[in-house]
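Participant: Structure incoming, see below.
The values are calculated or read from the model by the stated rules, or taken from the named source; none is laboratory data. Bear in mind the structure is a predicted one, so any value in this text is a computation, not a measurement. Virtual Cβ from ideal backbone geometry, glycine too; neighbours counted across all protein chains shown. When the accessible area is computed, the model is the full protein with side chains, heavy atoms only, and any ligands, DNA or RNA have been set aside. Shrake-Rupley method; radii C 1.70, N 1.55, O 1.52, S 1.80 Å.
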Amino acid sequence: MSELVSTDEKISYSLAQISEAVLELLNAGKGTNVWALHGAMGSGKTTITKALLNQLGSHELVASPTFSIVNEYRSKDNEPVYHFDFYRIKNEMEAYDIGTEEYFDSGHLCLIEWPEKIPSLLPTQHFEIRIEIIDEQTRIIHYRKHA
Ligand SMILES: Nc1ncnc2c1ncn2[C@@H]1O[C@H](COP(=O)(O)OP(=O)(O)OP(=O)(O)O)[C@@H](O)[C@H]1O
Ligand SMILES: [Mg+2]
């Protein structure tokens, strides 16, 4: 178990309120570049990723990295932002082979869907985000920083 530097916080939001949720996350996650997005299928991991990239000023379309595992975007300051989706990997070696260590160590923001697929590759120091489905329009994000 890693040490917690913050207690669990939560935000409830609908799609109409997602930009406020994203601002809160960007503020809370400051200083931690690896963000682990937990949540069931259809909970909103890709949706929050899109909203984050939008807020960071990336104007590219965000697609789930279905074929590539990782997609690279650029913030408005031309900073790389990486979006991973490990749902389809068969084992951790597959993730290791695409260079996860280099991405995570780069200091650039790494947004990870299905982080539970890479338990031994996920850095101890990360920002944990859990999306809970409340109803069709409502989600609760639980978040905490691990040091
Ligand atoms: N408050 C909300 N936040 C996020 N998504 C919402 C919300 N309300 C409704 N939705 C809908 O829920 C769906 C979330 O889908 P999304 O692709 O983001 O899920 P996901 O967690 O990435 O799933 P997967 O594990 O399949 O990649 C979208 O259709 C979105 O419009
Ligand atoms: Mg997704």
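Participant: Counting only the backbone N, which residues of region 31-50 are under 18 Å from the spot 7 Å out from the Cα of HIS108 toward its beta-carbon?
Facilitator: 31-36, 49-50
Participant: In straight Cα distance, which lysines are under 27 Å from LYS30, not counting same-chain residues fewer than 8 positions off?
Facilitator: LYS10, LYS45, LYS50, LYS76, LYS117, LYS145
Participant: Sticking with this one: Go from 0 up to the bin containing the longest alpha carbon distance in the chain, width 5 Å each, and give me the % of pairs per bin.
Facilitator: Histogram of Cα-Cα distances, whole percents per bin: 2, 10, 20, 24, 22, 15, 6, 1.
Participant: What whole-number value in Å² describes the accessible area per residue of the chain for a 1.4 Å probe?
Facilitator: Spelled out: the 1.4 Å probe surface of the chain, per residue, equals 55 Å².
Participant: So, one more: Counting only GluC sites (Glu not before Pro) that sit in a DSSP loop (anything but H, G, I, E, B) with at most 13 other Cβ atoms within 10 Å, what is the longest stretch of the chain containing none of them?
Facilitator: 61-135
Participant: Would you mind telling me the share, in percent, of accessible area of the chain contributed by carbon and sulfur at probe 1.4 angstrom?
Facilitator: Accessible surface attributable to carbon and sulfur in the chain totals 50 percent.
Participant: Right, next: Please give the calculated 222 nm ellipticity per residue for the chain, where each DSSP H segment of at least 4 residues contributes -39500 (n - 2.57) and the sum is spread over every residue; nearest 500 deg cm²/dmol?
Facilitator: -6500 deg cm²/dmol
Participant: Whole-Hz ³J(HN,Hα) for each residue in region 18-35, computed from phi via Karplus 6.51 cos²θ - 1.76 cosθ + 1.60 with θ = phi - 60°, x for glycine and proline: what do you get?
Facilitator: My calculation for region 18-35 gives 5, 5, 5, 4, 5, 4, 5, 5, 4, 6, 5, x, 3, x, 10, 8, 9, 10 Hz in order.
Participant: Measuring from label point to label point, each 7 Å out along Cα→Cβ, what is the ASP97 to LEU23 span in nm?
Facilitator: 4.4
Participant: Given H placed 1.01 Å from N in the peptide plane, which residues other than close sequence neighbours of LEU109 have an amide H under 5 Å from its amide H?
Facilitator: Correct list: TYR82.
Participant: So how strong a dipole does region 86-147 carry about its Cα centre when Lys and Arg Cβ are +1 and Asp and Glu Cβ are -1, to the nearest 20 debye?
Facilitator: 180
Participant: Next up: Once phi is turned into θ = phi - 60°, what whole-Hz ³J(HN,Hα) does the Karplus curve with 6.51, -1.76 and 1.60 give for every residue of region 122-137, x standing for Gly and Pro?
Facilitator: My calculation for region 122-137 gives 5, x, 3, 7, 8, 9, 8, 10, 10, 9, 10, 7, 9, 8, 3, 9 Hz in order.
Participant: Still on this structure, I have one more. May I ask you to list the trypsin sites (Lys or Arg not before Pro) in region 82-141 that are in a DSSP loop and have at most 14 other Cβ atoms within 10 Å of their Cβ?
Facilitator: ARG88, LYS90
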